[in-house]
Amino acid sequence: MNKDFVRVCYEEFDPIRLFEDAPMRFHTTFRIGGPADLLFYPKNTEEVQKIIRLAKKYDEPVTWLGNGSNILVRDGGIRGLVIRFSHKMEDISHEGEALIVGAGALL
């Protein structure tokens, strides 16, 4: 993992929502799996867009994670950035006949 990318993430986002070497067993229903290089809990769509731009700039791979149901993470973990959608992004609204559902909403 690029240390400059990690440093910029800590500068741009609330450090309480960034986790280095995060054991993925705490984030999946099977409770197994090695660490993610960097795990991030975004609070809104703008943060998702911003961290994706940063990951692209530093050539870091990105993995998306919802509620962690039925996900197997290898013992070697996940390289790069893992974006974990949580209850912070569970807004549900509608515009006309379209339903807008946040990525953290449970189905």
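None of the figures in this text is laboratory data; all of them are computed from the coordinates on show. None of these values were measured; they are calculated from a predicted model. Glycine gets a Cβ as well: all are built from the backbone with ideal geometry, and neighbour counts include every protein chain shown.
Below are the figures for this structure:
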{"read-out": "Cα gyration tensor category, rounded, prolate or oblate, for the range 3-101 with a/c compared to 1.5", "value": "oblate"}
{"read-out": "Cut-off under 5 Å, modelled amide H: who pairs with residue 30 long-range", "value": "70, 71"}
{"read-out": "Check: the range 3-101 dipole with +1 on Lys, Arg Cβ and -1 on Asp, Glu Cβ, in debye", "value": "340"}
{"read-out": "Residue among 48, 34, 9 farthest towards the positive dipole end of the range 3-101, charges placed on Cβ", "value": "34"}
{"read-out": "Partner aspartates and glutamates for residue 3 [C-alpha distance under 18 Å; skip if fewer than 8 residues away on the same chain]", "value": "11, 12, 14, 20, 21, 37, 59, 60"}
{"read-out": "Listed peptides 34-42, 8-16 by packing density, highest first (mean Cβ within 10 Å)", "value": "34-42, 8-16"}
